[in-house]
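Visitor: Below is the structure I would like to discuss, written out as structure tokens.
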Amino acid sequence: MVLQRLALFLIYAFFWAFAGFIGDVDSYQRPPPRKNVHVHPLADADPASPQQVHISLVGQDKMRIKWITDGSSPATVDYGTSPGVYGFSATGSTGKYDYLTYDSGEIHDVVIGPLEPNTVYYYRCGPNPGPEFTFKTPPPAFPTKFVVIGDLGQTGWTNSTLQHISQSNYDVLILPGDLSYADFYQPWWDSFGRLVEPLASQRPWMVTQGNHEVEKIPVIHSEPFTAYNARWHMPFEESGSESNLYYSFDVAGVHVIMLGSYTDFDAESAQYKWLQADLGKIDRGKTPWIVAVVHAPWYNSNSAHQGESEADDMKKSMETLLYQARVDVVFAGHVHAYERFTRVHNDTADNCGPVYITIGDGGNREGLASKYEDPQPRISVFREASFGHGQFHVVNQTHALWTWHRNQDDVSVAADSIWLNSLSSDPACKI
């Protein structure tokens, strides 16, 4: 065990030194970040006890429940609508993965349902007895609320952000990439899972990958996204995608498209063709709102992360697809700051284009990207380098309220807010 820990430490130290190159970490100066928060397992925990529990949406009326155990345990979930009373049960699959000298615990994946909308369920993972968890399903219609956070990490700032999110009474959380910042050192994935479990076990977390999820090492570990794909299984199969790196889902009257910045996106790629098909299936009568999510922002007036292919080339390839489909909002992370643009297309203000919002300020260990281009572009409406989170409250078919909440002295402050009209309700933007 001592030799294994020493080997892990040496590997971690070696690749940490190169993380700035491999993980696209820029060299600009940032304000001092807060320290990482390492969440350890309980010392006396049963090897079959569930940990790192999180849930995600599957289709219209199902939920995926994932958890990890240190020892062998059945992939079963008992659930019901009353505490301690489980009238339903489901069985799933169990897997694990290896990464260099790291062996994961058993990763359990169970889909439960059909479920009633806007209902609190009580559930238990694995054998009896075990801890009871609860979650609430999203509503069947408006209003509905999303929380949006990017580049979350696991620092003191992350804790502050999570505390603010817990008070927001949201229905679904959207995370535009860069989750754990494990950066090759796999135990940090376990720590992240424990850190977010209190929230991620109660509301569905829908995520896409960022550069810190790639974790590809030439020759030594050539398969990218190993930990991400094993731990965060999103409903790509249900949306007709062939990859866990891009997919879509519906909540009430909102269609959400999660795109992959770090997989092929040119016109001949599987992702591009899938996006075309997905956009073509949307019925704006049923889902009047369309939201898209990427990691690397297509519009960005921050000095950080300029000139990157994952942003610039993806924008050239896919921006017109989103514009022609009248996508309402595009969320991104990657840049560790907040910025909101006006409705825009092809670098020009356009009333029928999406509102582009960068929200890579969840609490990552690298700190904030505090340098901006001067003068501020006319299409950039609000920008600030502070940690925080966003809330997208879709009130009805035509109106939604977007609010960015700044973490100021550990207090959630509503620093930017705007009412949006859905493009599907604007006669001038009819397709």
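Bear in mind that the values in this text are calculations on the coordinates, not laboratory data. Since the structure is predicted, the reported quantities are computational estimates derived from the model, not experimental observations. FYI the Cβ positions are ideal-geometry reconstructions off the backbone, even for glycines, and counts take in every protein chain you see.
Visitor: In segment 313-410, which trypsin sites (Lys or Arg not before Pro) fall in coil by DSSP and have 11 or fewer other Cβ atoms within 10 Å?
Guide: 378
Visitor: With a/c under 1.5 counting as rounded, go ahead and sort segment 36-179 into rounded, prolate or oblate using the C-alpha gyration tensor (a ≥ b ≥ c being the square roots of the eigenvalues; past the cut-off, prolate if a/b is larger than b/c, else oblate).
Guide: oblate
Visitor: Pairs 35/145; 145/430; 66/136; 273/430: which are spaced more than 20 Å apart, C-alpha to C-alpha?
Guide: 35/145; 145/430; 273/430
Visitor: Okay, next question. Go from 0 up to the bin containing the longest alpha carbon distance in segment 51-136, width 10 Å each, and give me the % of pairs per bin.
Guide: Percent of Cα pairs in each bin: 17, 51, 24, 7, 1.
Visitor: Among the listed pairs 62/281; 62/286; 96/315, give every one whose C-alpha distance is greater than 30 Å.
Guide: 96/315
Visitor: So if I take the alpha carbon set of segment 120-188, get Rg, then get Rh from the Kirkwood formula, what is the Rg over Rh ratio?
Guide: Dividing the radius of gyration by the Kirkwood radius yields 1.04.
Visitor: Taking the C-alpha atoms of the chain, how large are the radius of gyration and the largest Cα-Cα span, Dmax, in Å?
Guide: When restricted to the Cα atoms of the chain, Rg and Dmax are 20.8, 68 Å.
Visitor: Mind listing the lone cysteines of the chain, meaning no other Cys beta-carbon sits under 4.7 Å from theirs?
Guide: For the chain, the answer is 125, because their Cβ atoms have no other cysteine Cβ under 4.7 Å.
Visitor: What residues qualify as long-range amide H neighbours of residue 214, i.e. H under 5 Å apart, gap of 5 or more or another chain, H built at 1.01 Å from N?
Guide: none
Visitor: When the Karplus curve 6.51 cos²θ - 1.76 cosθ + 1.60 is applied with θ = phi - 60°, which whole-Hz ³J(HN,Hα) does each residue of segment 417-430 get, with x for Gly and Pro?
Guide: Couplings: 8, 8, 8, 10, 9, 5, 5, 5, 9, 9, x, 6, 10, 4 Hz.
Visitor: What is the magnitude of the charge dipole of segment 51-136 about its Cα centre, with +1 placed on the Cβ of each Lys and Arg, -1 on the Cβ of each Asp and Glu, and no other charges, expressed in debye to the nearest 20?
Guide: For this selection, approximately 200 debye.
Visitor: Collect residues whose amide H, placed 1.01 Å from N in the peptide plane, falls under 5 Å from the amide H of residue 382; neighbours closer than 5 in sequence don't count.
Guide: Residues meeting the amide H criterion: 340.
Visitor: Okay, next question. Could you give me the ³J(HN,Hα) list for segment 291-300, computed from phi with Karplus coefficients 6.51, -1.76, 1.60 and θ = phi - 60°, whole Hz, x at Gly and Pro?
Guide: 10, 10, 9, 10, 8, 7, x, 7, 10, 6
Visitor: Tell me, what HN-Hα J-couplings in whole Hz come from the Karplus equation 6.51 cos²θ - 1.76 cosθ + 1.60 at θ = phi - 60° for each residue of segment 203-212, using x for Gly and Pro?
Guide: 9, x, 10, 10, 10, 10, 8, x, 5, 7
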